[in-house]
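Heads up, the thing below is written out as structure tokens.
The values are calculated or read from the model by the stated rules, or taken from the named source; none is laboratory data. This structure is a prediction, so every number in the text was calculated from the model and none was measured. Methodologically, a virtual Cβ is constructed for each residue, glycine included, from the backbone with ideal geometry; neighbour enumeration extends over all protein chains shown.
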Amino acid sequence: MAEIQQQAAGSHKPGKRRAKKMSTRIDMTPMVDLAFLLLTFFMLTTTFARPYQMELNMPVKSKVDTPVKESNAMTVLLGKGHQVHYFFGLNTLQGTAPAAPELHTTTFAATGIRQAVLRRQQQGPLIVLIKSSPDARYQDMVDILDEMNRTHQQKYALVKITQADLTLLNRATL
């Protein structure tokens, strides 16, 4: 605790009398104890920042391919340079001539792929097929999955890119 120490009585000289100087000494031990108690209390009661993660449920792999109606499909191709290419429908062969769908190019900005998915969702049910090219980065895949989460897209699939898709993608980047 605090205590007051008085100086020893000195010689008494005639003249002015001075007030006695008193010094104080504060014992800091209880305050340090309290600081450590508060520190440990707040450390034990706080929750630390949790890492950001998105739950991704993958279906069980089956030998039977699930057919997708072309009118409900939207194919998203992840290209190089953080670019997103998409077209509506499937890139399939019709007869002997390949059907070249109209390829749109956009980015991951809020006015990019997000708006395209939201506009298409308003027209009816939608299944998004996500295909990553060899030039795409891992961050592109994370970004497109985030966009599916933000647009509340319930049905989407990660699909291997085909040679027809690569040809279409190469034609668009030239």
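Looking at Gln115, Gln154, Gln121, can you tell me which residue is out of contact with any Asp or Glu (no Cβ under 9 Å at 6 or more places or on another chain), without any contact (Cβ under 8 Å) to a residue 60 or more places away in the chain and over 14 Å from Val76 (Cβ atoms)?
So the residue among Gln115, Gln154, Gln121 that is out of contact with any Asp or Glu (no Cβ under 9 Å at 6 or more places or on another chain), without any contact (Cβ under 8 Å) to a residue 60 or more places away in the chain and over 14 Å from Val76 (Cβ atoms) is Gln154.
Quick check on segment 128-168: of everything there that is among the acidic types (Asp, Glu) and within 15 Å of His85 (Cα to Cα), which residue is surrounded by the fewest Cβ atoms within 10 Å (Cβ to Cβ)?
Kept after step one, since they are among the acidic types (Asp, Glu), are these residues of segment 128-168: 135, 140, 143, 146-147, 165.
Add one more test, that the residue is within 15 Å of His85 (Cα to Cα), and what stays is 135, 140, 143, 147, 165.
Working: Asp135: 14, Asp140: 21, Asp143: 17, Glu147: 23, Asp165: 22.
Filtering first and then ranking leaves Asp135.
Contact map, segment 61-84: first residue at pLDDT below 80, second residue of a type in the set (Val, Ile, Thr), Cβ cut-off under 7 Å, separation 6 or more or different chains; pairs are Val68/Ile127. Looking for something over 18 Å from the mean Cα position of the chain (by Cα), of a type in the set (A, V, I, L, M) and assigned to a loop (DSSP other than H, G, I, E, B) - is there at least one such residue anywhere in segment 154-161? Checked segment 154-161: at least one residue is over 18 Å from the mean Cα position of the chain (by Cα), of a type in the set (A, V, I, L, M) and assigned to a loop (DSSP other than H, G, I, E, B).
Residues are listed down the side, and each one gets a yes or a no for (1) over 15 Å from Asp165 (Cα atoms); (2) part of a helix (DSSP H, G or I); (3) modelled with pLDDT under 85:
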{"position": "Leu90", "(1), (2), (3)": "no, no, yes"}
{"position": "Ala100", "(1), (2), (3)": "no, no, yes"}
{"position": "Thr111", "(1), (2), (3)": "yes, no, no"}
{"position": "Arg114", "(1), (2), (3)": "yes, yes, no"}
{"position": "Val117", "(1), (2), (3)": "yes, yes, no"}
{"position": "Gly124", "(1), (2), (3)": "yes, no, no"}
{"position": "Ile130", "(1), (2), (3)": "no, no, no"}
